[in-house]
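Quick notes on the structure that follows.
The values are calculated or read from the model by the stated rules, or taken from the named source; none is laboratory data. Quick caveat: nothing in here was measured; it's all calculated off a predicted structure. Note: ideal-geometry Cβ built from the backbone for every residue, glycine included; neighbour counts use all protein chains shown.
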Amino acid sequence: MEEQAAPIRRKIIHIDMDAFYASVEQRDFPEYRGKPLIVGGLPEGRGGVVATASYEARKFGIRSAMPSKQALKLCPHALFVRPRFAAYKEVSQHIREIFSRYTDLIEPLSLDEAYLDVTEDKRNIGSAIDIAKEIKQAIKDELNLTASAGVSVNKFVAKVASDMQKPDGLTFIGPSAIESFIENLPVEKFYGVGRVTSDKMKRMGLFTGADLKKLNEDEMRRNFGKAGGFYYRIVRGIDDRPVQPHRETKSVGAEDTFSYDLTTAEEMEAELDKIAVLVNAGLIKNQLKGRTVTLKIKYSDFRQVTRSQSFSYFIDDEETIAATAKTLLAATDPDNSKVRLLGITLSNFTPIEVKVKGASDQLRLFEE
């Protein structure tokens, strides 16, 4: 009887640039160095949204997706600059070239992070830890920037690990340490668990991976839907997802659950403006244009509706996204509603470099 070959144990690296946009700005403009720098929308007028904050700004509690006006209150002496996506894209391409020296199995998640499968590396180094060290050093030497790396046998653990020792960190979680690592991981640190799901888990008395592990798969799915099956496997260290060099993004979206119900169209439209900025930032980071805008509304009684509008051409600017979402909202009689959540999603994509007849080629600049 022929013996079955043992499954290949992957060597996965997740590289995440440190405060990417802000770090590029501080590198290029010496007057920003050592100062709390915020890249994103300016706080004047209606105000924008924080795309990235330098580590000096993060000490004041400033984070991505925070309204710029709120960030200014937390740090009145912060410097605000608009993003330069052309510069970030150029840096990102150089980083990608560094990755390709070691493997062709590269799955970019955005301009500033990617998974690498180095199970078999081009330079026959063998050690994923050594490869991660070389990549980090090359980024520092060639671009004067720092990156953090997570190394493990699957994508989930590698991604979480890359955030453990930022900035300029390298964390290795070996096979024997994975179970303990996940059991001790707070639920809010699980990749894919957002604020709403995290709050729900905590209300259920689920605070760590060990708590999640007590639920069977049916209980997970019943409480968390389709994602419950993923959480069930992840807390057991099971993640067989391969690194996909040509992974196709199906949609880019953002949503917000409010601390109080919105009851007027004016309130809702103001929130849609903020959400549209985040969606647009996601499009730019992923170099995408789309044709379908979808509005998601969840009411105080948890009833949920979605409304969509498709265009014959591709869009990638926050003004069109926001205006379309507002038009869809107007058709739902918003002034007679109590709304607890709003979300916008853009789908039907093409890469931004592709020229489409009738499409706008202008790149409007502004993350969650």
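Please determine whether any residue of the range 299-308 is in contact with an Asp or Glu (Cβ under 9 Å, 6 or more places away or on another chain), part of a strand (DSSP E or B) and not small (Gly, Ala, Ser).
There is at least one residue in the range 299-308 that is in contact with an Asp or Glu (Cβ under 9 Å, 6 or more places away or on another chain), part of a strand (DSSP E or B) and not small (Gly, Ala, Ser).
Scanning the range 165-201 for residues that are of a type in the set (Asp, Glu) and part of a helix (DSSP H, G or I) gives Glu179, Glu183, Glu188, Asp199. Per the conditions (1) surrounded by 21 or more Cβ atoms within 10 Å (Cβ to Cβ); (2) at pLDDT 95 or above; (3) in contact with a helix residue (DSSP H, G or I) (Cβ under 9 Å, 6 or more places away or on another chain), the sole criterion not satisfied by Ala132 is (3).
Every test in (1) crowded, with 18+ Cβ neighbours inside 10 Å; (2) in contact with a Leu (Cβ under 6 Å, 6 or more places away or on another chain); (3) at pLDDT 85 or above is passed by Thr324 save one, and that test is (2).
Scanning the range 53-65 for residues that are under 23 Å from Ala270 (Cβ atoms) and either buried (at least 19 other Cβ atoms within 10 Å of the Cβ) or polar (S, T, N, Q) (or both) yields Ala53, Ile62, Ser64. Which of the residues belonging to the range 27-52 are buried (at least 23 other Cβ atoms within 10 Å of the Cβ) and part of a helix (DSSP H, G or I)? Selection gives nothing.
Results for (1) in a helix (DSSP H, G or I); (2) among the aromatic types (Phe, Trp, Tyr); (3) under 20 Å from the mean Cα position of the chain (by Cα); (4) buried (at least 22 other Cβ atoms within 10 Å of the Cβ), shown as yes or no for each residue.
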position	(1), (2), (3), (4)
Gly253	no, no, yes, no
Phe258	no, yes, no, no
Asp273	yes, no, yes, no
Ala276	yes, no, yes, yes
Ile284	yes, no, yes, yes
Thr292	no, no, no, no
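In the range 202-241, counting only helices (runs of 4 or more DSSP H) that sit wholly within it, the ones holding 3 or more residues that are closer than 19 Å to Lys159 by Cβ span 226-234. Exactly one of these conditions fails for Thr345: (1) under 19 Å from the mean Cα position of the chain (by Cα); (2) part of a helix (DSSP H, G or I); (3) among the β-branched types (Val, Ile, Thr); (4) modelled with pLDDT of 85 or more. Give me its number. Only one criterion is unmet by Thr345, namely (2).
For the range 81-93, the candidate set comprises residues that are loosely packed, with under 15 Cβ neighbours inside 10 Å and part of a helix (DSSP H, G or I); within that set, the residue that is modelled with the lowest pLDDT is Ala86. Considered as a group, the residues in the range 106-118 that are modelled with pLDDT under 95 and part of a loop (DSSP other than H, G, I, E, B) include one that is surrounded by the fewest Cβ atoms within 10 Å (Cβ to Cβ), and that residue is Leu111.
Would you confirm whether any residue within the range 209-228 is of a type in the set (Lys, Arg) and modelled with pLDDT under 90?
Initially, the range 209-228 is screened for residues of a type in the set (Lys, Arg), giving 213-214, 221-222, 226.
So of that shortlist, the ones also modelled with pLDDT under 90 come out as 226.
Yes: the range 209-228 contains one or more residues that are of a type in the set (Lys, Arg) and modelled with pLDDT under 90.
Based on what the data block shows, is Ala78 under 17 Å from the mean Cα position of the chain (by Cα) and within 28 Å of Glu267 (Cα to Cα)? Walk me through it before giving the result.
On the way: under 17 Å from the mean Cα position of the chain (by Cα): no; within 28 Å of Glu267 (Cα to Cα): yes.
In short, no.
Check off (1) surrounded by fewer than 15 Cβ atoms within 10 Å (Cβ to Cβ); (2) under 27 Å from Glu90 (Cβ atoms); (3) not acidic (Asp, Glu) for Phe314 and give me the number that stays unchecked. Exception for Phe314: condition (1).
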